[in-house]
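Undergrad: The structure is given below, and queries will be raised subsequently.
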Amino acid sequence: MANQQPNSGNPRVDIEYRRKKSAEEMRMQVITFALMIFLTLVAFVAVGYEEFSAWFIVPFILILAVVQVIFQLYYFMHMSHKGHEAPALFLYSGLLVGAITVLAFMTIIWW
């Protein structure tokens, strides 16, 4: 029960506090969603623009994808909240193992 808010004993204050927190969180999710739509549109424009080479487009889209994954983890999956340290540890450990595996296979294939 790490996510419980302190109880002041006054039900009106507690409800107002929860409403304020919910409104703040909803605002952040809407802003993040709008940013993710914007980044998706930027990626489509980059691919559709004929002047860019593949050497620019591929890393650019990968960077945009990483930014969107971070947005999804921290705002839509609530990883920024208290009490989510253990899932974050497992997630980042899996990411590290996956990155090392990809790096190892790329090294084996390319050299």
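The values are calculated or read from the model by the stated rules, or taken from the named source; none is laboratory data. All of these numbers come straight from a predicted model, not from anything done at the bench. Neighbour counts run over all protein chains shown; Cβ positions are idealised from the backbone, glycine included. Keep in mind that these areas ignore ligands, DNA and RNA; they rest on the heavy atoms of the full protein, side chains included. Shrake-Rupley method; radii C 1.70, N 1.55, O 1.52, S 1.80 Å.
Undergrad: Output the 0 to 90 degree angle, nearest 10, between the alpha-carbon long axis of helix 54-71 and the longest principal axis computed from the alpha carbons of the chain.
TA: Relative to the chain, helix 54-71 is tipped by roughly 20 degrees.
Undergrad: Okay, next question. How long is the gain from MET106 to TYR49 if the chain were fully straight, where each residue apart is worth 0.36 nm and the alpha carbon distance is subtracted?
TA: Numbers: separation 57, 0.36 × 57 = 20.52 nm, distance 2.95 nm.
Roughly 17.6 nm would be gained on extension.
Undergrad: Using helices alone, I'd like the mean residue ellipticity at 222 nm for the chain: each DSSP H run of four-plus residues gives -39500 (n - 2.57), total over residue count, nearest 500.
TA: Theoretical 222 nm ellipticity from helices: -26500 deg cm²/dmol.
Undergrad: Ok, one more. Compute the length gained on full extension between MET77 and VAL97: take 0.36 nm times their separation in residues and subtract their Cα-Cα distance, giving the result in nm to one decimal.
TA: Length gained, MET77 through VAL97: 5.1 nm.
Undergrad: With N set to the number of residues, divide the alpha-carbon radius of gyration of the chain by 2.2 N^0.38 Å and report two decimals.
TA: This ratio for the chain stands at 1.54.
Undergrad: Going highest first, how would you order 81-93, 32-44 by mean Cβ packing within 10 Å? Display every interim value, and only then the final one.
TA: Working: 81-93: 11.3, 32-44: 13.5.
In decreasing order of mean packing, 81-93, 32-44 become 32-44, 81-93.
Undergrad: Shifting gears a bit: Under 12 Å from the Cβ of GLU25, count the other residues' Cβ atoms, weight Lys and Arg +1, Asp and Glu -1, and hand me the total. Intermediate values should be presented prior to the final figure.
TA: Working: positive: ARG18, ARG19, LYS20, LYS21, ARG27; negative: GLU24.
Net local charge, GLU25 excluded: +4.
Undergrad: Send over a whole-number figure in Å² for the accessible area per residue of the chain, probe 1.4 Å. Before the final figure, lay out the partial values.
TA: On the way: 9350 Å² over 111 residues.
Counting only protein heavy atoms, the per-residue value for the chain is 84 Å².
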